[in-house]
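To start, the structure itself, in structure tokens.
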Amino acid sequence: MHPEVSEHLLSRADMRLEDLEAGLAQLYQGSIDYADIYLQSSHHESWVLEDSIVKSGSFSIDRGLGVRAIEGEKTGFAYADDISIQALNQTSKAARGIAAAGQNKQVGQLNTTSARLLYLPDNPLSAWKEAQKIDILNAMDRHARKLDPRISEVTVSLSAVYEHILVVATDGTLATDIRPLVRLNCSVLAQQNGRRERGSAGGGGRFTYDYFTQKNERGQPRHFAFAEEAVRQALVNLEADEAPAGKMPVVLGAGWPGVLLHEAVGHGLEGDFNRKGSSAYAGKIGQQVAAKGCTIIDDGTLDNRRGSLTVDDEGTASQHNVLIEDGKLVGYMQDKLNARLMGMAPTGNGRRESFAHLPMPRMTNTYMLGGEHSSEEIIASVKHGIYAPHFAGGQVDITSGKFVFSASEAYLIENGKITRPIKGATLIGNGPASMQQVSMIGNDLALDEGVGVCGKDGQSVPVGVGQPTLKIDAMTVGGTG
Amino acid sequence: MSGQQSEQQQLLEQDMHKAKQAVEEAIAFAKSLGASAAECALSQSRGLSVDSRLGEVETVEFNQDGSLGITVYRGQSKGAAATADLNPDAVRAAVTKANDIARYTSQDPAAGLADAQLMAYDYPDLGLYFDANMDPQHAIDITKACEQAALDKDPRIINSDGANYSAHAGFRVYGNSHGFTGAYMSSRQSLSCVLIGKQGDVMERDYAYTLARDPSQLKRPEEVAAEAIEATVSRLGARSIDTCKVPVIFHRDVAHGLFGHLVAAISGGSLYRKSSFLLDSLHTQVLPSWLNIHEDPHIVGGLASSPFDHEGVRTQARDIVTAGELNTYLLTSYAARKLDMQTTGHAGGIHNWRVSHGDDDLAALCRRMGTGLLLTEVMGQGVNIVTGDYSRGAAGFWVENGELQYPVSEITIAGNLTQMLRSIVAIGNDIDPRHGIQTGSILLEQLSVAGN
């Protein structure tokens, strides 16, 4: 157990690990199959620049515990925004109320989950002085404005979360984690002849703010790269024409367009939907659900990535999980409850937004492995279609498989050449059907910059996506032209 | 509500009284640190949420949420902090942190509290609180009854994603250094049911829900079940259609979303950032000339009622749109200063919009449309408030000669909101009471539909 976590979550509340063990013993009786106690504290700050001044800064602390008791498919859950013996007793009593009281069962000997550290336990909030945080906002504002006179508004936001978690469970799990997470975003408005368009860019991950002033692989400090990218996108959109409407080939850029995989595949492979038979992918293990060549992975073990976790929120070490291998469905993403009910092993995907939310199977970093084509080759193969390198976000109906995602930067491809920018349009498809239509896979796998937020049942968690350039033979493009 | 107060209400009132003290202490402490002004909000909510699926309880969740947020002004600079821990030490730590942050943020001429004379010093009791039934057994019974009624009726319903009952009650306190402190309690409960139907190899899901502050206004579980069955079964056999331009009806379940985009476009934050397709639209025609939108924040028991906004500003009834003309923007005091105007009491959002309508019910609206699309679902984020460009996924029904022909899915709809709002042909009388924007189904002249 990480001594800093123990100090932060237990000692400060005059509690010891033995109190949690006693709590588990109290929960684990009668027909209860499993119970866990989750302690969390999180510190959050954000700074916002607008109109070339730092307008606001905010800070918050949340501390609390959540107690869950499971009997069969039934879950009792209660939480308190206070870490104390009293809160533990009250929430435990409420959570185990779903089952009749009975004989005490033996709680497993607590064993610390062993997992490789994927990020340093540095506190991003205190690693920089306030003046440094202000400086980076101002520097980006100046940089964006001097790039082009058509830039009329610049908004920059900088935020960080620093989280300590501790989970103990009746199966003997004892796990702790210290999770830093930072994010920097630049959004600009470009104006020309009465027309206005936005562009935005940003990034982040599990490290301190230093990441933003360090140079990227092109030798440019990242904060300036974000400002330039936001400006570039806004200026492209100033020139965009109506998007076409109808079914056509679509080429998706590398990196963030991996939101395709998140919507078309990822959610449908979460264990809960498959246990309940409500996913379009239910019962299809071993079947060809995507074109040959498609290998899709959910990987929580990538160093410093936004979606990575040393251990998930149930104390399971995160893993490299192959979901689809050469087009064949080979695995689901599981939390403990759904894994047990399906006779499978947990995969390190049990995540929760906070102590006040129940864990469920969630994605971490979801991406597709690269293929053999260059992006130029892929674009050259399209007679009439669109190329979309940037997206706003997406949504899926996991039961019918219908999914949408909205391009924020797109171009027309005519006779194998990118000809002109078009307005952001929504693309719609059916997950399994669209994945069968993947006909070319690029050799340029890239992960996103670290900006993804995934929502499910009202819970938000940070995630990552990635993919190489991909060609889908036919998707419906929602333009007006 | 009558006569005797329930234990639930008494406990909440006691907590609300303590919360008011905490808010006033936080403001006083901020002043003692040298703040020139401060404001503080504290909300708490308690309740439960229960899911049953396939006849068994799935989750019983007890909710208890609360947070205090403090904003401290040092001259024209501000800092904010929040804490879920309401112990005096934690609150003082949050105030201190907000005060520290205000040392680093810039002087912003538009920053500050709303003007003192606008505070709702004498605010009405809007009757937003009703005792909610928070007995887990009641919740289990009602969810099981709802789902059971849905599972037995139609062989095409092959699975369920369960029924949910949730009941929450709480309060909101707001105070600032003008000496204003206001507080009110509110409650709401809901019952919903999600079903899965199958035809051939294709599954579809849909749901129905009922939501009210007054528990006696909730629909019966059997009614919710019947609506969920109807919604789910009617989607089976959906197909795409050819790309076309046709008239479109936004069913009442999704119609409020269109006016939601209007809200975003005339909100102060979008306007002063020049990020709205309705810049400089005040006192101009934004909707057809027969259309009015009235806002009444003081409807007793109303879902979006509130006696004061998030800055303590007295809310008041307003005609937002008269004869299609925009009468007012929706402003906070900050946006108002940026635009050289007066706040309209919209910090925190709108309050009970009522959109005017004709005499057509949905069937009559379909007849009026003749041939086109009835949309029951829109998907995705493809709405650009800066430009008004609109492109979203959709599902619904193909309509010919006013009659529903077959369900449609995997299509997109696209247009520009400036034109879409102006080209509203008619609004039905089938008003959705479950939303802060109360509107019936909306018939639009034409949208681009992309399909096969």
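Quick notes on this one:
- Pairs where the first residue, in segment B:141-163, is within 14 Å of chain A (Cβ to nearest Cβ) and the second is charged (D, E, K, R) and open to solvent by 30 Å² or more (accessible area, probe 1.4 Å), C-beta under 6 Å, 6+ apart: B:ILE158/B:LYS198; B:GLY162/B:ASP51
- The set of residues in segment B:437-452 that are within 14 Å of chain A (Cβ to nearest Cβ), open to solvent by less than 10 Å² (accessible area, probe 1.4 Å) and not small (Gly, Ala, Ser) comprises B:LEU444, B:LEU447, B:VAL449.
- Between A:ILE70, A:ILE134, A:ILE83, A:ILE151, the distinction of being at the interface with another protein chain (Cβ under 8 Å from one of its Cβ atoms) and buried (at least 16 other Cβ atoms within 10 Å of the Cβ) belongs to A:ILE134 only.
- Leading residue by the ranking (surrounded by the fewest Cβ atoms within 10 Å (Cβ to Cβ)) among those in segment B:95-137 that are within 14 Å of chain A (Cβ to nearest Cβ), part of a helix (DSSP H, G or I) and not hydroxyl-bearing (Ser, Thr, Tyr): B:GLN137
- Residue, nearest to A:ASN123 (Cα to Cα), within segment A:259-298, restricted to residues that are surrounded by fewer than 23 Cβ atoms within 10 Å (Cβ to Cβ) and away from chain B (no Cβ under 14 Å): A:ILE297
- Scanning segment B:393-401 turns up at least one residue that is within 26 Å of the chain's Cα centre (by Cα), touching a residue at least 60 places away in the same chain (Cβ under 8 Å) and open to solvent by less than 10 Å² (accessible area, probe 1.4 Å).
- All positions within segment A:1-28 that are among the hydrophobic types (A, V, I, L, M, F, W, C), out of contact with any Lys or Arg (no Cβ under 7 Å at 6 or more places or on another chain) and assigned to a helix (DSSP H, G or I): A:VAL5, A:LEU9, A:ALA13, A:LEU17, A:LEU20, A:ALA22, A:LEU24, A:ALA25
- Screening segment B:47-66 for residues that are of a type outside the set (Asp, Glu) and more than 8 Å from chain A (Cβ to nearest Cβ) and picking the one that is most open to solvent (accessible area, probe 1.4 Å) gives B:LEU54.
- Residues being over 30 Å from A:PHE77 (Cβ atoms) and open to solvent by 30 Å² or more (accessible area, probe 1.4 Å) - total across segment B:1-46: 15
Here is a yes/no grid of residues against (1) within 13 Å of chain B (Cβ to nearest Cβ); (2) closer than 24 Å to A:GLY199 by Cα:
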| residue | (1), (2) |
| --- | --- |
| A:LEU427 | yes, yes |
| A:ASN430 | yes, no |
| A:MET440 | no, no |
| A:LEU447 | no, yes |
| A:GLY452 | no, yes |
| A:THR469 | no, yes |
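- Single residue of segment B:226-252 satisfying the filter (in contact with a Ser or Thr (Cβ under 6 Å, 6 or more places away or on another chain) and closer than 28 Å to B:ALA304 by Cα) that is farthest from the other protein chains (Cβ to nearest Cβ): B:ARG252
- In a residue-by-residue description of segment B:147-168, the property of being at pLDDT 95 or above, assigned by the TED database to the domain that holds B:GLN21, of a type in the set (Val, Ile, Thr) and under 26 Å from the mean Cα position of the chain (by Cα) applies to no position.
- Test result for B:ARG172, crowded, with 18+ Cβ neighbours inside 10 Å, at pLDDT 95 or above and touching a helix residue (DSSP H, G or I) at 6+ places or on another chain (Cβ under 8 Å): no
- Residues being more than 10 Å from every other protein chain (Cβ to nearest Cβ), farther than 14 Å from B:ALA19 by Cα, at pLDDT 95 or above and not in a loop (DSSP other than H, G, I, E, B) - total across segment B:69-91: 3
- Close Cβ contacts (under 7 Å, 6 or more residues apart or on different chains) running from residues in segment A:276-294 that are farther than 22 Å from A:ALA474 by Cβ and in the same structural domain as A:LYS471 (by the TED database) to residues that are of a type outside the set (Val, Ile, Thr) and open to solvent by 40 Å² or more (accessible area, probe 1.4 Å) comprise A:SER278/B:ARG205; A:GLY286/A:LYS328.
- Within segment B:417-436, the residues that satisfy the criterion of being more than 23 Å from the chain's Cα centre (by Cα) and open to solvent by 30 Å² or more (accessible area, probe 1.4 Å) are B:GLN419, B:ARG422, B:VAL425.
- Pair list, Cβ under 8 Å, 6 or more apart: segment B:1-23 residue modelled with pLDDT under 95, other residue in a helix (DSSP H, G or I): B:GLN5/B:GLU13
The values are calculated or read from the model by the stated rules, or taken from the named source; none is laboratory data. Every value quoted in this text rests on a predicted model; they were computed, and no experiment measured them. Virtual Cβ from ideal backbone geometry, glycine too; neighbours counted across all protein chains shown. Quick note on the areas: whole protein, heavy atoms, side chains included, nothing else; ligands and nucleic acids left out. Shrake-Rupley method; radii C 1.70, N 1.55, O 1.52, S 1.80 Å.
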